[in-house]
Amino acid sequence: MSSLLFIIDTKGDDYFDLIYICVFLLAVVWLWREGFKRKFDSVAWALSMAVTWFLFITGTKMFAYSASDWKALLLGQQLPITFDKVLFGGLFLSVIGFIFLKRILRLNNSALDAFAFLLPLAIGIQRVGCLLAGCCHGIVNNAGWGAQYKPVTLPHYHQFQAGLLEPGQYYSLPVHPTQLYELAAGLVVVAIVFRLKRQIKASGNTLVLAIGLYSFFRFFIEFFRDTAAHASGGTLVADLKIIQWILLLTMALLSLLFIHREQTHASLKVTTPPVTPALYITLPLLLSLLVATWSLKNWFSYAEFVALHTALLPAMAVVSSHVFRVFTIPQYRWLTAAILIVPVFLMSQAFPEQRHDSVTAQSYHTVKIGYGTGDYHNSHNIGTGSGCARVSNTSYFHQEYVMGGAGYAVTKPKREGYLTFGVNAYAGTHEETDITPGTSVRAPDKNIIVGVNPYVYYDTKWLGIGGGLHAGNLSYTIEDGSEEGTSIPKSGSRKTPLYPQARIRIGPTRVLFGELRLADHFPTPMPGLRFQASVGSGFGLKNGTFIRVGSNGVNDFISGQVVLNNRFVIEPLFLWGDTNYGLFSQEYKQRQFTLGLQYRFNHQDEKILRR
């Protein structure tokens, strides 16, 4: 086989979803960093990101609608389900929406420039997911090099439909890896914008330049992209695709806009302090966004729904904090928080203030909130005997849950490391449905999970250990469990009032470490994240940031911790996979996602957690 051919033989949908969520997480971290650097008001910035995420994802879906879909929408007054995406639809809706939001949330034009480097970079990274999934693929490359795809992928299907494949031919003909072309184009756009940004006078024009340059490169890449790979805009008109005509119009309009704004730009810069928008604007906007997101949760795919929450949860936290500050008496504000959240916090304020050397690590306090959701399947086997002589009954279950949690912790320096102790509280719903073939249709078994989790950790550079206890109305799922007996399994989960917690880490977090966790996860390990085995690295970073990858015994996950300004901490986890029980000849996707947000009080030394 030619060395210039590479075969895509993976479960691309899983990697597409993983990269899709990671790109949105990267975007959230990037934009919060830009917000801090540009001194934007946190309430306005958080809301603008959350609404922009919603408009972008909605735009990518709605602009993929066919004429029949629009007819169903207008006549049937319901949104047809679609898994197709059109990038320019999302860009159009989100940019228009952001310009409007910028005005009502009182953000200046430099807010647009915060997206200038992120946009082409994010598009390029996501195209790696497209490459693995086979979407947005190129035309057949007769030069004999390119990407080949297995059956049940879009390139293979389109070539089969066009009669290009010989009978029995397993892999598709090689196609241009246009997804990689877009990745390269995105990196080139970033380099050009970085080189020219100091010469751009008008705020907002950096983003205009980035979109214009991306449109320029995308126009030429379209000559190598298959018309069948378009959800919309692939039809030829006068030897050009509709999307190419749109790109030409976009470049022309953006060029005129860029030139006009540069020529009319006032050289005198007036710096205005950030202003928090009024509550009569922020609260209705947030509530409307919450209602829209949850009303359409069955319309969004799981990855899209998770991506929305990467910006929605921080917005909820920031707006809630702002409302708390507005409606509480400043002199008794922390007393109010203590009554509502954790009495321990009031105790923590009783420590006398001391003068410390600037290089001495200080104790600090952490407040946490988090969200988790899951949609996955498992099995439960009960039988006797072993091997071929085993006689057993197996039942299959569909698990769904939504959880929320909050926590408080204190971290203190010790001689060789750091001692952390705290408590988490969580609550949510868990639904289990028996999907075993041959059984009567059963309504989901709904359960409310409520728990508290006191814990303690001790971390040194090379070793970290910890433990705790979960107490409450708890429920956890069995990871395709098997046990001895003769009965028929009635459930794929178990209930208990108590469950132990443990964690051990070996190796420095900054370099390379391995970790085992039992019921150790925030906001909650219940019901589907009890066991975690992982390896990770901080890639030499000194502020406690790291990434880890591992397994829960059945599926793989990626998680980590991102530390911003040594105070804000973001802890995402995404678990993915497919399982095939031979039921109805289909594979079932396994998806779980959690997001924890932390804020550290009295954190003064960046060396803390430098393990």
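Report the full-extension gain for the segment Phe36 to Ile7: residue separation times 0.36 nm, less the Cα-Cα distance, to one decimal in nm.
Taking Phe36 through Ile7 to full extension adds about 6.1 nm, to one decimal.
Would you be so kind as to identify which of Val190, Val28, Thr206 lies farthest towards the positive end of the dipole of the range 6-322, taking Lys and Arg as +1 and Asp and Glu as -1 on Cβ and the Cα centre as origin?
Most positive-ward Cα: Thr206.
Positive end of the charge dipole of the range 363-607 (Lys, Arg +1 and Asp, Glu -1 on Cβ, about the Cα centre): tell me which of Tyr376, Pro413, Val562 has its Cα farthest that way.
Pro413
Place a +1 charge on the Cβ of each Lys and Arg in the chain and a -1 charge on the Cβ of each Asp and Glu, then give the dipole magnitude about the Cα centre in debye, rounded to the nearest 20.
Around 2260 debye, computed over the chain.
Label-point separation (nm) for Arg198 and Leu248, each offset 7 Å from Cα along Cα-to-Cβ?
So the label points at Arg198 and Leu248 sit 3.8 nm apart.
May I ask for the distance between the Cα centers of the range 20-41 and the range 219-246, given as a whole number of Å?
32
No solvent, one uniform scatterer per C-alpha: report log10 I(q)/I(0) for the chain via the Debye equation at q = 0.07, 0.11 1/Å, two decimals.
At q = 0.07, 0.11 Å⁻¹ the computed log10 ratios are -0.51, -1.24.
Eight or more residues apart or on different chains, and alpha-carbon atoms under 20 Å: count the Lys pairs in the range 363-607 matching that.
Value for the range 363-607: 12.
Roughly how many percent of the accessible protein surface of the chain is carbon and sulfur, given a 1.4 Å probe and a whole-percent answer?
The value for the chain is 63 percent carbon and sulfur by accessible area.
Quick one: if you take sqrt(5λ) for each eigenvalue of the C-alpha gyration tensor of the range 57-129, what semi-axes come out, biggest first, whole angstrom?
28, 18, 7
Suppose R0 equals 25 Å; then what is the FRET efficiency for Ala502 and Ser320 from their Cβ-Cβ distance, rounded to the nearest 0.05?
Once rounded, the FRET efficiency stands at 0.15.
What's the extension gain from Glu262 to Val291 if we count 0.36 nm per residue and subtract their Cα-Cα distance?
That pair, Glu262 and Val291, stretches by 6.4 nm at full extension.
For the range 363-607, what is the accessible area per residue in Å², given a 1.4 Å probe and the full set of protein chains?
On a per-residue basis, the range 363-607 sits at 43 Å².
Roughly how many Å² of Tyr426 are accessible to a 1.4 Å probe, to the nearest 10?
Solvent-accessible area, nearest 10 Å²: 10 Å².
Using the Kirkwood radius over C-alpha pairs as Rh, can you work out the diffusion coefficient of the range 363-607 via Stokes-Einstein at 4 °C, viscosity 1.567 mPa s, in µm² per second?
Translational diffusion coefficient: 67 µm²/s.
Need the full-extension length gain, Asn393 to Ser551, defined as separation in residues times 0.36 nm minus the C-alpha distance. One decimal, nm.
54.2 nm
Between Gln148, Gly138, Val43, whose Cα lies farthest towards the positive end of the dipole of the chain when Lys and Arg beta carbons carry +1 and Asp and Glu beta carbons carry -1, centred on the Cα centre?
So the residue furthest toward the plus end is Val43.
Roughly how many Å is it from the Cα centre of the range 79-93 to that of the range 454-507, as a whole number?
Using only Cα atoms, the two centres lie 41 Å from each other.
May I ask you to derive the FRET efficiency for Glu483 and Ala184 from their Cβ-Cβ distance with R0 = 56 Å, giving the value to the nearest 0.05?
Efficiency, rounded to the nearest 0.05: 0.55.
Hey, got the dipole for the range 363-607? About the Cα centre, +1 on K and R Cβ, -1 on D and E Cβ, debye to the nearest 20?
Charge dipole, the range 363-607, about its Cα centre: 960 debye, nearest 20.
Quickly work out the Arg567-to-Thr384 label distance, labels modelled 7 Å from Cα along the C-beta direction, and quote it in nm with one decimal.
About 6.6 nm separates the two model spin labels.
Among 206-217, 149-160, how do they line up from the highest to the lowest mean number of other beta-carbon atoms within 10 Å?
So the order, starting with the most tightly packed, is 206-217, 149-160.
Ignoring solvent entirely, what values of log10 I(q)/I(0) come out of the Debye formula for the range 160-248 at 0.11, 0.26 Å⁻¹ when each Cα is a single scatterer?
-0.45, -1.25
What is the magnitude of the charge dipole of the range 6-322 about its Cα centre, with +1 placed on the Cβ of each Lys and Arg, -1 on the Cβ of each Asp and Glu, and no other charges, expressed in debye to the nearest 20?
Once rounded to the nearest 20, the dipole reads 1200 debye.
Return the FRET efficiency for the residue pair Ile465, Asp445: r is the Cβ-Cβ distance, R0 is 22 Å, and the value is rounded to the nearest 0.05.
0.05
Which whole-number value in Å² is the accessible area per residue of the range 1-160, probe 1.4 Å?
44
With labels modelled as points extended 7 Å from the Cα through the Cβ direction, what inter-label distance (nm, one decimal) is found for Val152 paired with Gln362?
Spacing of the two 7 Å Cα→Cβ label points: 5.7 nm.
The values are calculated or read from the model by the stated rules, or taken from the named source; none is laboratory data. This is a predicted model, so every value here is computed, not measured. No Cβ is skipped: glycine too gets one built from the backbone with ideal geometry, and neighbour counts run over all protein chains shown. Please note that ligands, DNA and RNA were not included when accessible areas were found on the heavy atoms of the full protein model with its side chains. Shrake-Rupley method; radii C 1.70, N 1.55, O 1.52, S 1.80 Å.
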